[in-house]
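Peer 1: One structure follows; several queries about it will come next.
The values are calculated or read from the model by the stated rules, or taken from the named source; none is laboratory data. What you see is a predicted model; the values in this text were computed from it and never measured. Glycine gets a Cβ as well: all are built from the backbone with ideal geometry, and neighbour counts include every protein chain shown.
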Amino acid sequence: MAKLPLYTIEIEFGTPAFDETLQLRDDILRKPLKLKFEVADIEQEYKQIHLACYTEGMNLRGCLVLHPQEKGTVKMRQVAVAEDSQGLGVGTFLVEQSEHLSKAHGFTKMVLNARDTAIPFYQNLGYKKVGKEFTEVGIPHFKMQKNL
Ligand SMILES: CC(C)(COP(=O)(O)OP(=O)(O)OC[C@H]1O[C@@H](n2cnc3c(N)ncnc32)[C@H](O)[C@@H]1OP(=O)(O)O)[C@@H](O)C(=O)NCCC(=O)NCCS
């Protein structure tokens with residue numbers, strides 16, 4: 001159960017709300033690793049589903065991206081929660097909302113590449129590790145999945 005009053009909405013690629021999530025993703029996922037977004041990476045996202053999680057007054061607290069794959073599978077990417085809101089249930093709420101939305105779109109399986117530090121978070125939500133550890137953006141990751 002979220003410890004903050006939260007709501008999640010699907011936002012459109014290229015809008016000011018989307019730009020705000022890009023900034024959050026940069027702050028939480030890229031800057032700590034001294035990485036920058038590549039324009040080509042972002043351009044590919046126009047066909048993906050963008051979810052943003054707010055507290056009252058459209059105060060952005062978290063976001064994620066859903067990338068449809070083949071055969072009823074959807075990939076969860078770029079899960080980021082604002083630093084001052086981590087550990088308050090925002091990530092859990094956001095992932096659960098993304099699962100509801102994915103089911104409503106007819107997807108039956110969620111997959112993701114989890115940073116090793118986030119594995120307990122996803123395990124709490126019912127995701128299972130698949131295969132061996134691998135390196136992405138210079139840090140250890142595991143593939144994880146869950147049937148929806
Ligand atoms: C990982 C992240 C998305 C989790 O979101 P969050 O809002 O902080 O998590 P929640 O408050 O919903 O936590 C849910 C549970 O997972 C646990 N948890 C969260 N992050 C954890 C971590 N890094 N390690 C261990 N447990 C973690 C919490 O303790 C909590 O358990 P509890 O309910 O038993 O107390 C968020 O902390 C984040 O953005 N981290 C930095 C970026 C990142 O690692 N993104 C994931 C990339 S794969």
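Peer 1: Could you tell me whether residue 126 is free of Cβ contacts under 8 Å to residues at least 40 places away in the same chain, among the small types (Gly, Ala, Ser), within 16 Å of the ligand (Cβ to nearest atom) and within 19 Å of residue 148 (Cβ to Cβ)?
Peer 2: On the way: free of Cβ contacts under 8 Å to residues at least 40 places away in the same chain: yes; among the small types (Gly, Ala, Ser): yes; within 16 Å of the ligand (Cβ to nearest atom): yes; within 19 Å of residue 148 (Cβ to Cβ): yes.
Spelling it out, residue 126 is indeed free of Cβ contacts under 8 Å to residues at least 40 places away in the same chain, among the small types (Gly, Ala, Ser), within 16 Å of the ligand (Cβ to nearest atom) and within 19 Å of residue 148 (Cβ to Cβ).
Peer 1: Could you list all residues from the range 90-105 that are closer than 16 Å to residue 123 by Cβ and within 13 Å of the ligand (Cβ to nearest atom)?
Peer 2: So the first thing to find is which residues in the range 90-105 are closer than 16 Å to residue 123 by Cβ, and the list is 91-92, 95-96, 99.
Result: 91, 92, 95, 96.
Peer 1: Report yes if some residue within the range 54-72 is touching a His at 6+ places or on another chain (Cβ under 8 Å) and of a type in the set (D, E, K, R); otherwise report no.
Peer 2: Within the range 54-72 (the criterion being touching a His at 6+ places or on another chain (Cβ under 8 Å) and of a type in the set (D, E, K, R)), the answer is no, since none of the residues qualifies.
Peer 1: Same structure, new question: Please determine, by comparing only the residues of the range 129-148 that are closer than 21 Å to residue 67 by Cα and in contact (Cβ under 8 Å) with a residue 40 or more places away in the chain, which one is surrounded by the fewest Cβ atoms within 10 Å (Cβ to Cβ).
Peer 2: 137
Peer 1: Is it true that residue 121 is part of a helix (DSSP H, G or I), within 12 Å of the ligand (Cβ to nearest atom) and either of a type in the set (A, V, I, L, M, F, W, C) or under 26 Å from residue 34 (Cα atoms) (or both)?
Peer 2: So residue 121 fits the description; yes.
Peer 1: Considering only the range 25-81, state which residues are among the charged types (D, E, K, R) and either within 14 Å of the ligand (Cβ to nearest atom) or part of a strand (DSSP E or B) (or both). First the steps, then the outcome.
Peer 2: Taking the range 25-81 and keeping what is among the charged types (D, E, K, R), we get 25-27, 30-31, 34, 36, 38, 41, 43, 45, 47, 56, 61, 70-71, 75, 77.
If the condition is that a residue be among the charged types (D, E, K, R) and either within 14 Å of the ligand (Cβ to nearest atom) or part of a strand (DSSP E or B) (or both), then 25, 26, 27, 30, 31, 61, 75, 77 are the ones that fit.
Peer 1: Moving to a separate point now. For the range 98-117, what are the residues that are of a type outside the set (Phe, Trp, Tyr) and outside any helix (DSSP H, G or I)? Full working, then the answer.
Peer 2: Step one: list which residues in the range 98-117 are of a type outside the set (Phe, Trp, Tyr), which gives 98-106, 108-117.
Result: 105, 106, 108, 109, 110, 111, 112, 113, 114, 115.
Peer 1: Quickly run through the range 54-89 and pick out the residues that are in contact with a Lys or Arg (Cβ under 7 Å, 6 or more places away or on another chain), free of Cβ contacts under 8 Å to residues at least 60 places away in the same chain and not aliphatic (A, V, I, L, M).
Peer 2: Of everything in the range 54-89, those that are in contact with a Lys or Arg (Cβ under 7 Å, 6 or more places away or on another chain), free of Cβ contacts under 8 Å to residues at least 60 places away in the same chain and not aliphatic (A, V, I, L, M) turn out to be 54, 55, 63, 67, 69, 72, 73, 78.
Peer 1: Could I ask something else about it? Residue 50 versus (1) within 28 Å of residue 132 (Cα to Cα); (2) within 12 Å of the chain's Cα centre (by Cα): which is the lone unmet condition?
Peer 2: So residue 50 meets the others, but not (1).
Peer 1: With the requirement that a residue be exposed (fewer than 12 other Cβ atoms within 10 Å of the Cβ) and at pLDDT 95 or above, what does the range 5-18 give you?
Peer 2: Of everything in the range 5-18, those that are exposed (fewer than 12 other Cβ atoms within 10 Å of the Cβ) and at pLDDT 95 or above turn out to be 12, 15, 16.
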